[in-house]
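The values are calculated or read from the model by the stated rules, or taken from the named source; none is laboratory data. Since the model is a prediction, treat every value here as computed from it, not as a measurement. Ideal geometry is used to build each Cβ from the backbone, glycine not excepted, and the neighbour counts take in all protein chains shown. Surface areas here come from the heavy atoms of the whole protein model, side chains and all, with no ligands, DNA or RNA. Shrake-Rupley method; radii C 1.70, N 1.55, O 1.52, S 1.80 Å.
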Amino acid sequence: MSHDWPLYEVFVRGKRGLNHVHVGSLHAADDQMALHHARDLYTRRNEGVSIWVVKATDITASSPDEKDPFFAPSGDKVYRHPTFYDIPDDVPHM
Amino acid sequence: MSTENAYEALAEAHDDARWAFGTSFDDPLAGVDTTVPSGVDGDDLHAYCLMLGDDALIASHRLQEWCTNAPELEDEVALANIALDLLGQARLLLARAGERGEDYHAFFRDEQEFRNVRLVEPAGGDFGYLIAWLLVFTSWRLALLQRLESSRDPVLAAVAAKGVKEMTYHRDYAARWAVRLGDGTEYSHDRMRAGFEAVWPLVDELFTPHPIERRMAEHGVGVDPATVRAEFDDVLARVLDAATLELPEIPALAGVSGKTGRHGVHTEAMGYLLAELQSIARAHPEAIW
């Protein structure tokens, strides 16, 4: 049966206001079942407060073949990083 | 903050290194007064906790048997989650059932000392049977626990409050599958109907109060199961209607001289179930995990 059920990708947001983060995938017959399966598979250990599911076929992804034209040009642009500031010791999460 | 891996990110910012992922678990009995409410017979309360605890324990055992046997991996985990929730309810209730503790009650009582309804006992069956069984069990137990939330016994009220959230999800799971299969293909419809027909003889017993249940209800501690029949019928009628199924008309399985599961009179399946559940603990009584 599994081969009949489409693949879904699962995104979970944690309790501390983080963004939704990709946690894995699953098979389900439709969107609602995917959401429930995601709850059962990926929030068993108290991980999340919000779940997104999306059909894997609905995701448009960059191709590994295009890796260089896509990402290499930003590799030497150090001036795009805010690394020239002194960060005070009491600023967390930087 | 790490975003390499969702679980790393989720695990950050708390100190408890024992837990890899989520923390801040709730203790359902935190701050609960465990003294027996005034005017309530301690033995009655213990027996009542055994009834509710045994229902959960035996139902959990049957659900655990679906591990490695469910039709889909995703549903296998879902069923295991439900089994674990019920086991958690059983542990709290059996711990409330007297001084001898949860392990004694689970592993060292004999068949006639168990007080569960017979519904939870039968073995096997296909996925259609499982879903029918789960819908019946969860609809009944959710209705009971909802009323038990206002119990005068603070432990029962706390266990019920925890259980209501769990059972609501369990019933939702069962109802979704019942509708999906009942309103699916002709074949799945027939299998789902056969499931409800197989479960139905043990439904009436759920709503037949034992004298202890009556007494606990009179004291405001327990729930008379007869009072949840209307709600149960309403839930089942709505789900079965959506599933294009009809309520089965099948006579109830009689007890022995009027005695059923709540009196310690069980079906044949119960002995085999207990043999599996208890054999390790009895062969190695000192063993620990």
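Listed values, structure above:
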{"quantity": "Qualifying residue in segment A:50-62 (condition: touching a Leu at 6+ places or on another chain (Cβ under 7 Å), within 13 Å of chain B (Cβ to nearest Cβ) and open to solvent by less than 80 Å² (accessible area, probe 1.4 Å))", "calculated": "yes"}
{"quantity": "Of the criteria (1) over 18 Å from the mean Cα position of the chain (by Cα); (2) farther than 30 Å from B:ARG152 by Cβ, which one B:LYS259 fails", "calculated": "(2)"}
{"quantity": "Inter-residue pairs, beta-carbon under 7 Å, first away from chain B (no Cβ under 14 Å) and in segment A:73-94, second assigned to a loop (DSSP other than H, G, I, E, B) and of a type outside the set (Phe, Trp, Tyr), 6+ apart", "calculated": "A:ILE87/A:MET94"}
{"quantity": "The listed residue being within 14 Å of chain B (Cβ to nearest Cβ), closer than 22 Å to B:LEU73 by Cβ and assigned to a loop (DSSP other than H, G, I, E, B), out of A:ARG45, A:ARG39", "calculated": "A:ARG45"}
{"quantity": "Qualifying positions in segment B:64-91 - without any contact (Cβ under 8 Å) to a residue 24 or more places away in the chain, away from chain A (no Cβ under 13 Å) and out of contact with any Asp or Glu (no Cβ under 9 Å at 6 or more places or on another chain)", "calculated": "B:GLN64"}
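A quick yes/no check of all residues on (1) open to solvent by 10 Å² or more (accessible area, probe 1.4 Å); (2) among the aliphatic types (A, V, I, L, M); (3) modelled with pLDDT under 95:
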| position | (1), (2), (3) |
| --- | --- |
| B:ASP33 | yes, no, yes |
| B:GLY53 | no, no, no |
| B:ILE58 | no, yes, no |
| B:CYS67 | yes, no, yes |
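Here is a yes/no grid of residues against (1) of a type in the set (Gly, Ala, Ser); (2) free of Cβ contacts under 8 Å to residues at least 40 places away in the same chain; (3) surrounded by fewer than 24 Cβ atoms within 10 Å (Cβ to Cβ):
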site	(1), (2), (3)
B:HIS105	no, no, no
B:PHE114	no, no, no
B:VAL120	no, no, no
B:GLY125	yes, no, yes
B:ALA132	yes, no, no
B:THR138	no, yes, no
B:ARG147	no, no, yes
B:LEU156	no, no, no
